[in-house]
Amino acid sequence: MTKKPSEKEEEYFARMEFERRKDAEEGKQKKMAEGERKKLKELHFMCCPKCGMQLIEVDYKKIKVDKCSHCQGVWLDAGELEAVSGLEQSGLDKFFSVFK
Ligand SMILES: [Zn+2]
């Protein structure tokens, strides 16, 4: 019988998995030349990470969300997920109606 992991355990493992993969990526990035990093940024800036098409920035209640012009994917910058989760329910409903 397998015990269902508690929410805390799942949260812990998700965070550990992210940290493990982030460390590996940071190792790769350190080896990358500054010029190469700059080139990658220019190449990918405001392009959808899933389909590569242009992202359009939508500003709603000071939360700047990037929405894909093609696949409708929605992307948040650092800190914006926290800002979204801080909205009250009515604000949250409006937020989702803007980006769906
Ligand atoms: Zn896309």
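Sequence gap at least 6, Cα distance under 8 Å: using those rules, report the relative contact order of the chain to the nearest whole percent.
Once normalised by length, the contact order is 13 percent.
Considering only C-alpha atoms, what is the centroid distance from the stretch 1-61 to the stretch 71-100, in Å?
19 Å
Could you tell me what % of all Cα pairs in the stretch 24-81 have separations over 12 Å?
Tail fraction, whole percent: 70.
Suppose all protein chains stay in the model; what accessible area per residue would a 1.4 Å probe give for the chain, in Å²?
Dividing the accessible area of the chain by its residue count gives 86 Å².
Rounded, prolate or oblate for the chain? Axes are the square roots of the Cα gyration tensor eigenvalues, ordered a ≥ b ≥ c, and the cut-off for rounded is a/c under 1.5.
oblate
Using a Gaussian network model on the chain with a 10 Å cutoff between Cα atoms, which of 73, 52, 86 fluctuates the most?
Greatest mean-square fluctuation among the candidates belongs to 86.
How many percent of the accessible area of the chain is carbon or sulfur, using a 1.4 Å probe?
57 percent
The values are calculated or read from the model by the stated rules, or taken from the named source; none is laboratory data. Because the structure is predicted, anything quoted here is derived from the model rather than measured. Ligands, DNA and RNA are excluded from the accessible area calculation, which covers all protein heavy atoms including side chains. Shrake-Rupley method; radii C 1.70, N 1.55, O 1.52, S 1.80 Å.
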